[in-house]
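Following: one structure in structure tokens, then a few remarks.
Each value in this text was obtained by applying a stated rule to the coordinates, not by laboratory testing. Note that the structure is a prediction, hence the values are computed from the model and not measured. Counting neighbours? That spans all protein chains shown, and the Cβs are built from the backbone with ideal geometry, glycine included.
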Amino acid sequence: APEAHVPAFSSASAGVPEYFTQESLQQRLHMLIEGARDSWTYAIFWQSSVDVGFGASILGWGDGYYKGCEEDKRRRRNATSSSVAEQEHRKRVLRELNSLISGSGSSPDSAMEEEVTDTEWFFLVSMTQSFVNGSGLPGQSFLTGAPSWIVGKDRLSIAPCDRAKQAQVFGLQSMVCVPVESGVLELGSTELIFHSADMMNQVKALFNFNS
Amino acid sequence: DAAVPQARKASLARFLEKRKERVSNT
């Protein structure tokens, strides 16, 4: 996505209360995933903002928590998730991102040479994505105020959303979008996880900033 | 570097750190 359309996290622009910091957002995502009965692979908070220039409503990266899955371990051991060229590309990107974070003078890290799994890659790529005016599954949920809970690769593949289609290609089998104040909470899993009222309540409890 | 919004930079740093732990535990 073009850089200009991906807003930086800003409590002021999104109407999120000042006390709702990046740190507390991360804690809530962590609690949601680690406290869940089911094995969710990741959670992402898509944050809403308005592009003043274009008057467009945008959902952009707010924060995310990646837990991983059993597939990560299996694929890393067998290194079979993608072609050699694709793996080289992913590792190169990861090394560059690591240099960006740690500094170009940092010593080489052996973890950067390990297989970058499909779900890790899907999560990383998510950081560059945004949804304008109700586009995509997160955008639709935000616009309509209705959660969406999609289970099964076949259903993800026919969802009217490129992100959902991409998710199933990368091994995800469940994807959930729940509209919350100031954005959308997305959950993804490589397992088949069916609708749970408990999980919906947990999302609402953790991401209702008024409470 | 400056063009990368702070939120994503923080998320990325956390992801890379956690990934090192996951890889070493595999």
Flagged in region A:129-151 as in contact with a helix residue (DSSP H, G or I) (Cβ under 7 Å, 6 or more places away or on another chain), of a type in the set (A, V, I, L, M, F, W, C) and farther than 24 Å from A:THR190 by Cβ, in numbering order, are A:VAL132
For region A:184-201, which positions are closer than 14 Å to A:ARG28 by Cα and surrounded by 16 or more Cβ atoms within 10 Å (Cβ to Cβ)? A:VAL184, A:LEU185, A:GLU186, A:LEU187, A:MET199
Positions within region A:95-120 being within 14 Å of B:LYS18 (Cα to Cα), touching a residue at least 12 places away in the same chain (Cβ under 8 Å) and assigned to a helix (DSSP H, G or I), in sequence order: A:ASN98, A:MET112, A:GLU120
If you check every pair at least six apart or on different chains, which have Cβ atoms under 8 Å apart with a residue in region A:139-154 that is under 13 Å from A:LEU172 (Cβ atoms) first and a residue that is part of a helix (DSSP H, G or I) and among the small types (Gly, Ala, Ser) second? A:ILE150/A:ALA164
Please tell me if A:PHE131 is touching a residue at least 60 places away in the same chain (Cβ under 8 Å), assigned to a strand (DSSP E or B) and hydrophobic (A, V, I, L, M, F, W, C). yes
Enumeration of residues in region A:155-173 that are within 18 Å of A:THR117 (Cα to Cα) and without any contact (Cβ under 8 Å) to a residue 60 or more places away in the chain: A:ARG163, A:ALA164, A:LYS165, A:GLN166, A:ALA167, A:GLN168, A:VAL169, A:PHE170, A:GLN173
